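The values are calculated or read from the model by the stated rules, or taken from the named source; none is laboratory data. Since this is a predicted model, take the numbers as computed values, not measurements. A quick note on method: Cβ atoms are made from the backbone with ideal geometry, for glycine too, and the neighbour counts reach across all protein chains shown.
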Amino acid sequence: MKDGKEDCIAGACHRAGGRDGGMRLERKRRQRGRDGRSHVRHDCSGRIIGQKITIKYWYAFGDKIEEAKRHLVEQFNASQDRIEVVAEHQGNYDDLHAKVQAAFAAGNAPAVTDLEIASTGVFARSGMLQELTGFADRDKEKVKLDDFIPGLMGNAYVDGKLYGLPFMRSTPIMYKNATMLKEAGLDPEGPKTWDELEQYARVLKEHGKTAMTMPVDIWFYEALVAQSGGTVLSEDGKSAAFQSPEGVAPVEFWQRLAKEGLLKIPVGDEAGATADKDWANQLSAFKFGSTAGVSGSLEIAKGNGFELAASFMPANKSYGVPTGGCQLVMTSKLSDEEKEAAWEFIMFMTSTENTIYQHKHVGYLPTRLTAIESEELKTHFKEFPQYKVAVDQLEYARPRPMENAYPEVTKMMKEAIEKAILDPNANPQEIMNEAAEKANKLLAK
Amino acid sequence: MTIWHKLRPYGMVAPAIVIFTMFFLYPIFYMIYLSLFDWNFVSPTKTFVGLANFRDLLTDSDFMKVLSNTTMYTLLTVTLTTILALLLALWLNRKSLFHGFVQGAIFSPHIISLVSISLLWSWLMDPEYGLLNWIIGLFGFGPLQWLSHPGTSLVSLVIVAVWKGLGYNTLVFIAGLQSIPGDIYEAAALDESKPWTTFAKLTLPMLSPTIFFLVIINLIGSFQVFETIAIMTQGGPVNSTNTLVYYIYENGFRFFKIGYASAAGVILLVIVGALTIVYFRLLARRVHYR
């Protein structure tokens, strides 16, 4: 109050009173900061004005994910009175990325945005992202980089520089209708391998059920390639590796099981939704899905009266999954104040306390070791072991490729695999060779 | 004659010229300029590559597929819409409560946002849970995969486009029919002209400006189809519904290849421009203008 009165006496009201947020206030605030005077300013009636810096935060997805993100933003805004974060929904990751890019080109990018991990490379190399190494060094006591689960940091660095902090991170896991499995006389602990999955599928088929409805999702494909002991791209990222035996094995497996009617693999835009619906309606016993679906799936299982079990994706030579989800990044071209505000916001969103919150609300991984070791989560895991599957599976997790051309290569792989599924007599090796040839042209650039 | 009088016309057209230049000419020339570069829209460096983008496009089998998809989609949509709308207009061209109701009903899709329509039809065409498969099931036909199979996906999109465009086209046709003077029909009746002869020798020629107008705007509209594809198929499955504008969007905003996307944009510009000129030339000779 006193500050406010002084401001009035000093005549500040005549210059800025009542005009919120504009450039003038911004400039005045900076001057004030240099003068070493209070950052809190008031208008003549004592109302706090202008001292707040407003930054935009763009995020992806709705439902529980959106609830958690909005809740955290509200908490952040309530926790202090210097920074106001305005959160805006932008659709799925693809929509979000396209909009951030366009907004950046137009000079109107959000200060902070979700970024799907595989796109970190292209965004960072295009100069759209603010490097965070300096901030993390300065605030290392607070941000504690080594507290993040090491397996989640692979996509945080591009060319050795830090660009993002793990936020809502995931691995794909296998959701199981344990009730259906028991009714078919199957052990709900399994299937642990591809062969067992096939055996389960035969038994389930006899009971008139589909083992699994599954979209051709490259994230799952990356997992199956890893399980076969391979990678989709070569070590240096300059060429395709999905035409290798390890890359073709999943395609052959899917094609064969789909042909025999053991797996249902719809193609097209609605395929993912169909897989979820089939599982929810108890037409299929399993679904692959991000751990982000644990809370939602538990609700579905409860509502439809069946028991939900979750486990690792089955192994071929070994277990293996890519990580997924998004990290929080800061765009470049911000003023110093905006950078500080954005950094403070990113640190808040990724703190131990908040990663526990988002994990329990949605199902995404807790990203910090201190979170996993906390009493709160230990108790939580005991009560709902489904939440712990992805955490344990991290032992077998790997980062996703981050090459600039990877989004387009993803499309090529997806098309190739869909071709093999649609035409059961097609030769998977030939189809993958053809796609690899196309992909190599892009990757070699 | 003062200077003011000389300058006034220019002053009057200036706003239109400025807007035309800013939002039409400038983007076109900027696109042509960008098509010569390898750039991702945001990186500080643009690499000049000459005509390499065009060479890559024309040797890319995906792009050829995209062109043939677009052509097929356009031909089917324009033909079906025009024929169905003409038939409906002939039937609806009379005054009764029922005909008015039908006309209103088929016009209503025109005022609904394409996004809503796309979502609605995605649901209708769902292979598992969709209403359409249930209906054709009642008549003993097997379930169709609609949007989820390369064989039916493009036709499914054509159905949506025809359904959406039918009402507007019918309305324009009815207006065209009603503007044909009644005395010509009286004369035809006096000559005991058969209905088919009246239609072929009288109605159709009198309607040809309307047909011409609709074909042109449908053609240009169909060539630029985007929303239904972005929402219903994303160009899939296996590129079977990827059309020119979606391809441009995909390359520009999903794969961040602005130069390549601009090159495809230049090709779209050339095609639509050429089609317009050809159709104006060809059809203008046959069109009967009063």
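Residue pairs, Cβ under 8 Å, 6 or more apart or interchain, first in region A:418-431 and facing chain B (nearest Cβ under 10 Å) and touching a residue at least 24 places away in the same chain (Cβ under 8 Å), second surrounded by fewer than 20 Cβ atoms within 10 Å (Cβ to Cβ) and in a helix (DSSP H, G or I). List them.
From residues that are facing chain B (nearest Cβ under 10 Å) and touching a residue at least 24 places away in the same chain (Cβ under 8 Å), the pairs are A:Ile421/A:Ala258.
Taking region A:104-119 only, how many residues are more than 12 Å from every other protein chain (Cβ to nearest Cβ), closer than 18 Å to A:Thr54 by Cβ and surrounded by 18 or more Cβ atoms within 10 Å (Cβ to Cβ)?
Residues that pass the stated criteria total 4.
I'd like the full set of residues that are surrounded by fewer than 23 Cβ atoms within 10 Å (Cβ to Cβ), hydroxyl-bearing (Ser, Thr, Tyr) and part of a helix (DSSP H, G or I), limited to region B:158-180.
B:Tyr168
Of the residues A:Glu383, A:Glu415, which is within 14 Å of chain B (Cβ to nearest Cβ) and either surrounded by fewer than 16 Cβ atoms within 10 Å (Cβ to Cβ) or at pLDDT 90 or above (or both)?
Residue meeting the stated conditions: A:Glu415.
If a residue must be within 14 Å of chain A (Cβ to nearest Cβ) and either surrounded by 13 or more Cβ atoms within 10 Å (Cβ to Cβ) or farther than 14 Å from B:Gly235 by Cα (or both), how many such residues does region B:133-154 contain? Write out each step before concluding.
Filtering region B:133-154 down to residues within 14 Å of chain A (Cβ to nearest Cβ) leaves B:133, B:143-154.
Then drop every residue that is not either surrounded by 13 or more Cβ atoms within 10 Å (Cβ to Cβ) or farther than 14 Å from B:Gly235 by Cα (or both), which leaves B:133, B:143-150, B:152-154.
So the answer is 12.
Name every residue in region A:72-90 that is in contact (Cβ under 8 Å) with a residue 12 or more places away in the chain, outside any strand (DSSP E or B) and more than 14 Å from A:Met347 (Cα to Cα), in order of residue number.
Correct list: A:Asp81, A:Arg82, A:Gln90.
Please enumerate the residues belonging to region A:68-103 that are within 11 Å of chain B (Cβ to nearest Cβ) and among the basic types (Lys, Arg).
A:Lys99, the sole residue that qualifies.
Okay, residues lined up against (1) within 11 Å of chain B (Cβ to nearest Cβ); (2) in contact with a Pro (Cβ under 8 Å, 6 or more places away or on another chain); (3) of a type in the set (Phe, Trp, Tyr); (4) part of a helix (DSSP H, G or I):
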residue: A:Gly261; (1), (2), (3), (4): no, no, no, no
residue: A:Val267; (1), (2), (3), (4): yes, yes, no, no
residue: A:Gly272; (1), (2), (3), (4): no, yes, no, yes
residue: A:Ala275; (1), (2), (3), (4): yes, yes, no, yes
residue: A:Lys287; (1), (2), (3), (4): no, no, no, no
residue: A:Ala292; (1), (2), (3), (4): no, no, no, yes
residue: A:Ser297; (1), (2), (3), (4): no, no, no, yes
residue: A:Ile300; (1), (2), (3), (4): no, no, no, yes
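Just one of (1) free of Cβ contacts under 8 Å to residues at least 12 places away in the same chain; (2) hydrophobic (A, V, I, L, M, F, W, C); (3) within 12 Å of another protein chain (Cβ to nearest Cβ) trips up B:Leu87, so point out which.
The failed condition is (3).
Pairs only if they're at least six apart or on different chains, beta carbon under 6 angstrom, first in region A:397-408 and at the interface with chain B (Cβ under 10 Å from one of its Cβ atoms) and of a type outside the set (Lys, Arg), second buried (at least 19 other Cβ atoms within 10 Å of the Cβ) and outside any helix (DSSP H, G or I); list them, first residue then second.
A:Pro407/B:Phe255; A:Glu408/B:Phe255
Among (1) closer than 30 Å to B:Phe173 by Cβ; (2) more than 14 Å from chain A (Cβ to nearest Cβ); (3) under 21 Å from the mean Cα position of the chain (by Cα); (4) assigned to a helix (DSSP H, G or I), where does B:Thr228 come up short?
B:Thr228 satisfies all of (1) closer than 30 Å to B:Phe173 by Cβ; (2) more than 14 Å from chain A (Cβ to nearest Cβ); (3) under 21 Å from the mean Cα position of the chain (by Cα); (4) assigned to a helix (DSSP H, G or I) except (2).
Restricting region B:40-56 to residues that are under 32 Å from the mean Cα position of the chain (by Cα) and not in a loop (DSSP other than H, G, I, E, B), which is farthest from the other protein chains (Cβ to nearest Cβ)?
Top of the filtered list is B:Phe54.
From (1) more than 23 Å from A:Ser351 (Cα to Cα); (2) touching a residue at least 40 places away in the same chain (Cβ under 8 Å); (3) surrounded by fewer than 18 Cβ atoms within 10 Å (Cβ to Cβ), pick out the condition that doesn't hold for A:Val122.
Exception for A:Val122: condition (3).
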